Amino acid sequence: MKLKHNFVIRDVAGETVAVSVGNNAFRGMIKLNKTGRFVFENLQMDTNVDELAEKLSSNFQITKEEAVIKVEEFVNSLKQNGLVE
Amino acid sequence: MNRTITEMLKTGEKVVQTVNGTSMWPMLRPNKDLVVLKRITEDMKINDVVLFKTASGKLVLHRIIGFKNGFYKMRGDNLAFAEKNVEPKDVIGILIGFYRGEKYIDVTKKSYKTYVLISRLTFFARFPFILALKLLRKLKK
């Protein structure tokens with residue numbers, strides 16, 4: 001799975017946001033926290049939940065189980081909005 | 001939670017977004033550069049770039065070029081004609097900065113203000129070209 005559209009990530013007034021660029025159907029912004037940013041950046045390449053959770057776990061010192069829950073929750077919300085394929 | 005630009009600005013959140021059309025070109029390139037908008041919290045001034053709602057409900061980002069009898073006159077930098085009689089209540093956000101590619105440009109910066117001044121002063125020299133391009137686009141349709 002990977003992101004359907006091209007996004008750029010910017011830090012604006014202390015917040016991190018991802019904004020779609022190019023001629024996309026999605027024309028919005030997504031606010032990201034630190035882990036969200038990490039997962040989002042990694043979703044720009046083809047990956048899967050297990051791989052993402054592994055990377056998240058080693059970069060943020062959380063257990064693999066916690067990482068899987070976080071990744072699934074985040075990816076599901078992106079899927080619900082049609083942003084992941 | 002999914003919310004519209006209008007809702008976000010109303011609650012005081014900043015909005016970061018690309019622009020659609022070429023009306024603010026060359027400052028803003030469509031689907032490429034990002035604008036940073038906030039809710040109106042102080043008096044708007046001539047040359048401010050603002051987001052306002054048209055009579056048809058469309059959101060438009062143009063520059064204030066005049067104020068008369070309680071109404072604003074707006075125009076995109078790349079447009080030949082202005083929108084007159086925009087009511088202050090229809091203006092929902094103001095541009096505080098923009099990303100041109102990777103570079104963030106704050107609208108309070110002197111270099112930006114110089115750009116605006118030059119853009120405004122050269123409008124009448126650019127007018128025939130803007131008009132010609134507009135007519136060309138119409139012919140193509």
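Normalised size of the protein assembly as shown, defined as Cα radius of gyration per 2.2 N^0.38 Å with N residues, equals 1.19. A Cβ-based charge dipole, computed about the Cα centre of segment B:1-49 with Lys and Arg at +1 and Asp and Glu at -1, lands at about 140 debye. Counting only residues at least eight positions apart within a chain, or on another chain, the lysines with an alpha carbon under 20 Å from that of B:Lys14 are A:Lys31, A:Lys34, B:Lys32, B:Lys38, B:Lys45, B:Lys53, B:Lys58, B:Lys89, B:Lys103, B:Lys109. Along the axis of the charge dipole computed for chain A (Cβ charges of +1 for Lys and Arg, -1 for Asp and Glu, origin at the Cα centre), the listed residues A:Thr35, A:Gly14, A:Asn59 are led at the positive end by A:Gly14. When only the Cβ of Lys, Arg, Asp and Glu is charged (+1, +1, -1, -1), the dipole of segment B:38-118 relative to its Cα centre reaches about 100 debye. Once you reduce segment B:91-138 and segment A:48-77 to the center of their Cα atoms, the two points are 44 Å from each other.
For chain B, the relative contact order works out to 21 percent when only alpha carbon pairs closer than 8 Å and six or more residues apart are counted. With a ≥ b ≥ c taken as the square roots of the eigenvalues of the C-alpha gyration tensor of chain A, please select rounded if a/c is under 1.5 and otherwise prolate if a/b is larger than b/c or oblate if it is not? Since a/c reaches 1.5 but b/c is at least a/b, the shape of chain A is classed as oblate. Among B:Leu136, A:Leu52, a tally of other beta-carbon atoms within 10 Å of each Cβ gives an order, fewest to most, of B:Leu136, A:Leu52. Spin-label model, A:Asp46/B:Ile65: points 7 Å from Cα along the beta carbon direction are separated by 5.1 nm.
Bear in mind these aren't lab numbers, they're just calculated from the coordinates by the rules spelled out. From a predicted model like this one, the values you see are computed outputs, not experimental measurements. Methodologically, a virtual Cβ is constructed for each residue, glycine included, from the backbone with ideal geometry; neighbour enumeration extends over all protein chains shown.
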